[in-house]
Amino acid sequence: MDGSESKLKQYTLGVLAHLLLLLVWYLFVRLGDVPKFVMPSPVDTFRALGVADYGWWANTLVTGTEIFGGYALALSVGVLLALLFTWSKTLESLMLPLLVTLNMIPKVALGPLIIVWFKYGVFPNAMMAFSIAVFPILLTTARGLREVEPELLDLVRSLRGSRWQLFTKIQLPGALPYVFAGMKVAAILAVAGAIVGEFLGSDRGLGYLMLQVQVTLDTPAMFMAVILITLLGMLLYGLVLGLERLLVVKDARVS
Amino acid sequence: MSEPFIHLAGVSKTYRTGRKQHLAISDASFDVMPGELVALVGPSGCGKSTLLKILAGLHPHDDGTVRIGSATHAFDPTRDIGMVFQAPLLLKWRRILDNILLPAEILGLPVAEARERARGLMAMVGLQGYEQKYPYELSGGMQQRAAIARALVHDPKLVLMDEPFGALDALTREKMNLELLRIWKESGKTIMFVTHGISEAVFLGTRVVVMTAGPARMADNFEIDLPHPRTLDMKTHERFGVYTRRIYKLLGME
């Protein structure tokens, strides 16, 4: 088959690009004689995993909890608010401009406040991830629910279809691609939110670990932490993509 | 003489947005007999789409009489309207068969029967074998066929078509015209067909209603005396030319 063959080629090239990056990285450090504390080689970086004191697994789990927890909350709250807006035009007119303004707040600037309100720990960092991830989900979902072709509305009304039928048969499934578009943006933001939270104040997590090893100039461990954070992000993003493939027809996907 | 299925007398409609008034239709009067295919032709902004919306019960009219249905042909406004638009407006996430079933679902018709009917209609519009495809897998012409099947699935008495082939290329359009005539004959529906294609109106219509813009009004209403089934070579028929010239003249193009 032509299609699957080109797909295979696409995947192979993708994997190849990653391996190539590792190789370039390795050669750059080896041949350039770069000191380890400036840039460790891939080998040194992976060796950092051997330091049991760093509690890699526990810290990854903490950061993962913050990201996924904040994200799940953002998804529930974002979609729920968007749904409320479709049911009450007044509520939407009241809230949407306000939310657009709130969205303009650099969420990072809320960090110190969140610490004042919730102290250190997993919860405030999840809140940080939540606050940064909720807006794209809310705004794209609200938009998706609004995007009903006027003529489709006519079609339903000519059959005296109810508001509920319009909602369940047309608005809701029609909004799903938009929900996913928001979810994809939010996935990237949630990771950034959790890490910024850990930078600002925490006693656990990969971001916290990075600050600790920075003091001792253990650059390989910092590299490793970045890689693990990236992997967490890829896991979340991959889950969202997989779910989208499952639920949204190819043609309807919004990029 | 049997009673008309649609009776319009002195229908007018004005849209008001703020202080501005826009006369969309003035004094539209014509009758449509059961089973007729009436072509409503005119330039953009002449109120032909507004007229369809009034017939569909989507907009109230201001003045005049609108009566649909007769003693012999009952009409239930809540379930006897089928609509086809310029865009197919199929739901992207539904397979073709499920798209066609939408009106049946909204009306709450028995599922098994509706499915059976939808399959039959798909065969009639030439989409057999595409039941489980998604809209994006079909060409524009095929999507519009599906839209026509959707408009027929709940067995409405009146089908309203608003420039259904306006977005198709010229060749597909000719083909769809022939298909529509066949579907119309097979289904026996009364069809109101809005178009700004003059030769399309003459070719399809048993009757043509001409509307002009600025101000919007009904300019003419005449029967097309060409035999059925219509064939493409009728377009070179002398009478075909007489009809199209008559419309061109009304629209100030001659």
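Values computed for the structure shown
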item	result
Distance between modelled label sites at residue B:66 and residue A:90, nm, 7 Å Cα→Cβ extension	3.1
Simple spin-label estimate for residue A:120 and residue B:16 in nanometres, 7 Å along Cα-Cβ	6.9
Sequence of B:113, A:92 once ranked by neighbouring C-beta atoms within 10 Å, starting from the fewest	B:113, A:92
Table column - 3J(HN,Hα) (Hz), the stretch B:84-89, Karplus curve with 6.51, -1.76, 1.60, x for Gly and Pro	10, 10, 5, 8, x, 6
Formal net charge of residues neighbouring residue A:63 (Cβ-Cβ distance under 12 Å; K, R +1; D, E -1)	-1
Helix B:111-124 vs. chain B, principal-axis angle (Cα, 0 to 90°, nearest 10)	70
Sequence-distant residues sharing a close amide H with residue B:24 (under 5 Å, placed H)	B:13, B:14, B:15
Charge dipole (debye, nearest 20) of the stretch B:87-182; +1 at Cβ of Lys and Arg, -1 at Cβ of Asp and Glu	140
Chain B: relative contact order in percent, alpha carbon pairs under 8 Å with at least 6 residues between	26
Derived scalar couplings ³J(HN,Hα) [the stretch A:135-143; Karplus, 6.51 cos²θ - 1.76 cosθ + 1.60; whole Hz; x for Gly, Pro]	5, x, 5, 4, 5, 5, 5, 4, 5
Residue-averaged beta-carbon neighbours from other chains (10 angstrom radius) around A:153-166	6
Residues B:29, A:4, A:202 arranged by fewest to most Cβ contacts within 10 Å	A:4, B:29, A:202
Equivalent ellipsoid semi-axes, the stretch A:91-143, via Cα gyration tensor eigenvalues times 5, rooted, Å	24, 11, 9
Length-normalised contact order of the stretch A:95-250 in % [C-alpha pairs under 8 Å, at least 6 apart]	28
Separation in nanometres of the label points that stand 7 Å from Cα toward Cβ, at residue B:3 and residue A:72	6.5
Over 21 Å (Cα to Cα) - which of A:250/B:133; A:184/A:250; A:9/A:184; B:20/B:249; B:48/B:92 fall in this group	A:9/A:184; B:20/B:249; B:48/B:92
Residue-wise HN-Hα coupling along the stretch A:37-45, computed from phi with Karplus coefficients 6.51, -1.76, 1.60 (Hz; x: Gly, Pro)	6, 8, 8, x, 6, x, 5, 4, 4
Under 14 Å, Cβ to Cβ, from residue B:182 - net charge with Lys/Arg +1 and Asp/Glu -1	+2
Extension reserve of the residue A:143-residue A:164 stretch, reckoned as 0.36 nm per residue once the Cα distance is removed	5.7 nm
Cβ-based exposure ranking for A:237, A:71, in which fewest neighbours within 10 Å come first	A:237, A:71
Cα-based equivalent ellipsoid, chain A: semi-axes from gyration tensor eigenvalues, Å	41, 26, 13
Over the stretch A:149-255 - Rg/Rh using Cα atoms and the Kirkwood inverse-distance radius	1.27
Cα-based helix-to-principal-axis angle, A:172-200 vs chain A, degrees rounded to 10	30
Within-12-Å neighbourhood charge of residue B:193 [Cβ basis; K, R +1; D, E -1]	-1
The stretch B:99-254 - convex hull of the alpha-carbon atoms, volume per residue in Å³	135
Sites residue B:155 and residue B:132, calculated FRET efficiency, Cβ-Cβ separation with R0 22 Å, nearest 0.05	0.40
Aspartates and glutamates whose Cα lies under 12 Å from that of residue A:169, excluding same-chain neighbours fewer than 8 positions away	B:98, B:105
Amide proton proximity set for residue B:190, modelled H, under 5 Å, gap of 5+	B:35, B:159
Considering only the protein assembly as shown, percent of DSSP beta bridges that pair antiparallel, nearest 5	55
Positive-end extreme of charge dipole, the stretch A:107-255 - chosen from A:111, A:237, A:165 (charges on Cβ)	A:165
Span per principal axis, largest first, for the Cα atoms of the protein assembly as shown (Å)	101, 55, 50
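No value in this document is a laboratory result; all are computed from the given coordinates. Every value quoted in this text rests on a predicted model; they were computed, and no experiment measured them. As a convention, Cβ positions derive from the backbone with ideal geometry for all residues, glycine included, and neighbour counts pool all protein chains shown.
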